[in-house]
1. Looking at region 26-46, can you tell me whether even one residue there is buried (at least 18 other Cβ atoms within 10 Å of the Cβ), touching a residue at least 12 places away in the same chain (Cβ under 8 Å), under 28 Å from Thr270 (Cα atoms) and not assigned by TED's automatic domain parsing to the domain that holds Cys307?
2. Considering region 277-294 alone, what residues qualify as being touching a helix residue (DSSP H, G or I) at 6+ places or on another chain (Cβ under 9 Å) and assigned to a helix (DSSP H, G or I)?
3. Restricting the search to region 164-207, which residues are under 21 Å from Gln28 (Cβ atoms), of a type outside the set (Gly, Ala, Ser) and free of Cβ contacts under 8 Å to residues at least 40 places away in the same chain?
4. Looking at the structure I just gave you, is Ile251 part of a strand (DSSP E or B) and modelled with pLDDT of 95 or more?
5. Does Ile56 qualify as being touching a Phe, Trp or Tyr at 6+ places or on another chain (Cβ under 7 Å) and surrounded by fewer than 21 Cβ atoms within 10 Å (Cβ to Cβ)?
6. Buried (at least 20 other Cβ atoms within 10 Å of the Cβ), in the same structural domain as Ile12 (by TED's automatic domain parsing), closer than 24 Å to Glu317 by Cβ and out of contact with any Asp or Glu (no Cβ under 6 Å at 6 or more places or on another chain): does that describe Gln85?
7. Which condition number in (1) within 24 Å of the chain's Cα centre (by Cα); (2) at pLDDT below 95; (3) over 29 Å from Ile11 (Cβ atoms) is the one that Val124 fails?
8. Name the residues in region 218-239 that are closer than 25 Å to Val328 by Cβ, surrounded by fewer than 23 Cβ atoms within 10 Å (Cβ to Cβ) and of a type in the set (A, V, I, L, M, F, W, C), would you?
Amino acid sequence: MSKDIITIENIIKASYRLNGIVKETPMQLNHNLSERYGCQVYLKREDLQAVRSYKIRGAYNFMVNLQPEQIAKGVVCASAGNHAQGVAYSCSLLGINSKIYMPTTTPSQKIRQVERIGKQYVTVVLHGDTYDAAYNEAMTDCQANGKVFVHPFDDALIIEGQGTVGVEILNAFKGDIDYLFIPIGGGGLSAGVGTYFKKLSPNTKIIGVEPAGAPSMKKAIEQNEVITLSHIDTFVDGAAVKRVGKLNFSICKHILDELLLVPEGKICTTILQLYNEEAIVVEPAGALSITALDMYAEQIKGKNVVCIVSGGNNDIERMPDIKERSLVYEGLIHYFIINFPQRSGALKDFLATVLSNGEDISLFQYAKKTNRNVGPALIGIELRQRTDYPLLIQRMEAYGMDYTVVNENPKLFGYLI
């Protein structure tokens, strides 16, 4: 039932199918971001969808095109996040039974959310510790029972559904859009929206944004073929895939003007800024497009800029990790293993002599060793500003501290922090 060519006409048809099904999310001029970058920054708020992401668009557009015999057998998908919710919501609207395979490591609140949205039409199956394991089991189910697999991105109907975000942007905006920033995971959103823009707003520069730890589209474009990354950082879970879709790649390599990688720590800083300054809750993937603005600060001055905020499904339990990653990236928190002399007053002297500029101890773990002259301690030190770090090191050297910088050793940092 899938096609190989994405057309403007089919994207427009998808927008009619979705009329009254999905929310036409607002295009909001953000005054703080506009003032910061000296331009007009508009946010396309897909985090305000019923399932808090754009994924409902592609899922519904795919399933509403199913044939009666396919509907009778039911559908299958694999996801631990937004795609699962989009499929579940579509199933509840269309009365289609589905099995949604999720890794056993999926947080319980996400499982309950999918079950709540899908009502009696969804059965959640937990399998394996990773998405790949859940995906393989889902495909086994499809092949054994003749069910249709609802792919999260590599399907024309999915891409055309996601492309309706572009329809809404151009319908809502009166004037020329100079820059469009689109988050990229598997490539469904960028392929759909990019196709629509290249036809109807050809002068808009389309910037794809990927997390630095999962550069699957960038690697594919560099090598001019879809490849599977051996390892990715899964922190930006809504956009961290080892392999982009073949159809998505074939489109994106032609429609993207530039492709940018942004560090996960910088994404975390954006999440915190949006929450503290705007009361906007975004997931890591939802912050990708806004995070990229820093790297285009000069180019976008005086321009009309649109950032697609792709989703807002952020678990509150992740906030300590998000803050930690942001502080590390911004150079505001540093971890050390310090060997203290095992004598009375050693720690007091350290606090008075080394931490004399308002630094804060965020972590202290001390292991006293019997019959040793020194005892190691793992210490986290939070600074007021990045430029305080060289001064801290100078004081540690002057005091003769025996220390190891944990931040500079990725393996040690991953193990201890």
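1. no
2. At the first step, the residues of region 277-294 found to be touching a helix residue (DSSP H, G or I) at 6+ places or on another chain (Cβ under 9 Å) are 277-278, 280-288, 290-291, 293-294.
Listed by number, the residues that qualify are Glu277, Glu278, Ala285, Gly286, Ala287, Leu288, Ile290, Thr291, Leu293, Asp294.
3. Hits for region 164-207 are Leu170, Asn171, Lys174, Thr204.
4. Working: part of a strand (DSSP E or B): no; modelled with pLDDT of 95 or more: yes.
In short, no.
5. Values: touching a Phe, Trp or Tyr at 6+ places or on another chain (Cβ under 7 Å): yes; surrounded by fewer than 21 Cβ atoms within 10 Å (Cβ to Cβ): no.
So Ile56 does not fit the description; no.
6. Details: buried (at least 20 other Cβ atoms within 10 Å of the Cβ): yes; in the same structural domain as Ile12 (by TED's automatic domain parsing): no; closer than 24 Å to Glu317 by Cβ: yes; out of contact with any Asp or Glu (no Cβ under 6 Å at 6 or more places or on another chain): yes.
Spelling it out, it is not the case that Gln85 is buried (at least 20 other Cβ atoms within 10 Å of the Cβ), in the same structural domain as Ile12 (by TED's automatic domain parsing), closer than 24 Å to Glu317 by Cβ and out of contact with any Asp or Glu (no Cβ under 6 Å at 6 or more places or on another chain).
7. (2)
8. Selection gives Leu229, Ile232, Phe235.
The values are calculated or read from the model by the stated rules, or taken from the named source; none is laboratory data. All figures in this text were calculated on a predicted structure; none of them were measured in a lab. Positions of Cβ are backbone-derived with ideal geometry, glycine not excepted, and every protein chain shown enters the neighbour counts.
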